[in-house]
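The values are calculated or read from the model by the stated rules, or taken from the named source; none is laboratory data. Predicted model only: the values in this text are computed from it and were never measured. Here the Cβ positions follow ideal geometry from the backbone for every residue, glycine too, while neighbour counts run over all protein chains shown. Accessible surface is based on the protein model in full, side chains and every heavy atom, while ligands, DNA and RNA are left aside. Shrake-Rupley method; radii C 1.70, N 1.55, O 1.52, S 1.80 Å.
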Amino acid sequence: SFLDFVAENVQSELLLIHKFLAAGLLRAAAHSPLRVYEYLIGDPRRMALGPYTDAHKHSVALIEAISPMLDENAYDGLEAILRHWRYYAEDAHKDDDADIRHRRLLSERKHRLRLLRALPASRRSSSIQRLVTEEERAFPGLTSKDIDFTGVQFIGSPVSAKQMSQAADTDILNLFDELKDDTAWDHPRHDMKGGAIQA
């Protein structure tokens with residue numbers, strides 16, 4: 001009945017719906033790997049199902065679950081799709097300058113590598129294994145995260161109230177020559193120091 005539900009909702013344009021479908025399909029993978037495979041390859045965007053901190057989380061889980069169970073034809077098809085998969089729409093950014101295009105290409109390779117890693121090493125074709133090895137060498141230490149939360153840090157005035165009370169008037173005036181009203185919350189030269197509002 002869940003697979004019927006997937007069929008009824010598979011054309012949804014809502015990412016939230018597809019995250020929900022992916023969670024159910026992960027549980028269905030053991031008895032219906034081909035149905036999960038057909039879902040995954042049905043739209044390139046399904047290779048990027050996950051939260052903003054890990055854009056491929058659910059897609060990787062599905063690939064890992066079905067890869068060992070697919071027949072040769074389906075597995076070869078999955079490898080071929082992943083080898084040529086693109087994170088960015090091909091013609092969406094054609095007018096960007098060369099530097100941005102280069103950075104996007106590097107980013108795209110990293111996204112693809114995260115998907116290729118989900119294929120079981122014991123089943124990878126020699127060409128896919130060679131590609132994974134080359135990309136691992138190009139991007140050492142690549143994690144599966146898009147964003148790592150490192151904690152909260154307080155950003156206050158670059159000069160404390162105590163320091164101001166001990167400073168000469170001219171020093172305080174010099175501080176506000178740099179921290180003009182338009183700096184607002186942000187210091188003009190230091191990311192982790194506050195601006196005029198904090199001061």
Review point. Ignoring ligands and nucleic acids, what accessible area does GLU178 show with a 1.4 Å probe (Å², nearest 10)?
Key: 60
Revision key, fill the gap. Ordering VAL10, VAL36 by the accessible surface of their heavy atoms, 1.4 Å probe, largest first, yields VAL10, VAL36
Check your understanding: What length, rounded to one decimal in nm, is gained on full extension from ARG83 through to ALA7, with 0.36 nm per residue of separation minus their alpha-carbon distance?
Key -> 24.7 nm
Exercise for review: Give, rounded to the nearest 20 debye, the magnitude of the charge dipole that region 36-125 has about its Cα centre when Lys and Arg contribute +1 at Cβ and Asp and Glu contribute -1 at Cβ.
Suggested key: 380
Exercise for review: Sticking with the crude label model, points 7 Å out along Cα→Cβ, report the distance from LEU15 to ARG101 in nm, one decimal please.
Suggested key: 2.7
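Report the extension gain between TRP185 and SER126 in nm, rounded to one decimal, defined as 0.36 nm multiplied by the number of residues separating them, less their alpha carbon distance.
Working: separation 59, 0.36 × 59 = 21.24 nm, distance 5.37 nm.
Stretched fully, the TRP185-SER126 segment lengthens by 15.9 nm.
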Exercise for review: For ARG27, ARG114, ARG35, write out the residues from largest to smallest accessible area, computed with a 1.4 angstrom probe and no ligands counted.
Suggested key: ARG27, ARG35, ARG114
Practice item. Mind checking which of ALA22, VAL132, MET69 is farthest towards the positive end of the chain's charge dipole, using Cβ charges of +1 (Lys, Arg) and -1 (Asp, Glu) about the Cα centre? Key: MET69
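Per DSSP helix of 4 or more residues, -39500 (n - 2.57); summed, then divided by the residues of the chain. What does that give at 222 nm, rounded to the nearest 500? Don't jump to the answer; show the numbers that get you there.
Details: 9 runs with 102 residues, N = 199.
Result for the chain: -15500 deg cm²/dmol, rounded to the nearest 500.
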Review point. Can you list the lysines whose alpha carbon is less than 19 Å from that of LYS19, not counting same-chain residues fewer than 8 positions off?
Key: LYS57, LYS145
Point to revise | Taking only Cα atoms of the chain, radius of gyration then Dmax in Å | key: 24.7, 79
Check your understanding: Want the number for TYR52 to HIS31: 0.36 nm per residue separation, take away the alpha-carbon distance, what's left?
Key -> 4.6 nm
Review point. Ranked from highest to lowest mean number of other Cβ atoms within 10 Å per residue, what is the order of the peptides 162-169, 81-88?
Key: 81-88, 162-169
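Report the relative contact order of the chain, percent, no decimals, based on alpha-carbon pairs under 8 angstrom and at least 6 residues apart.
Relative contact order of the chain: 16 percent.
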Review point. In square angstrom, rounded to the nearest 10, how much accessible surface does ASP71 have for a 1.4 Å probe?
Key: 90
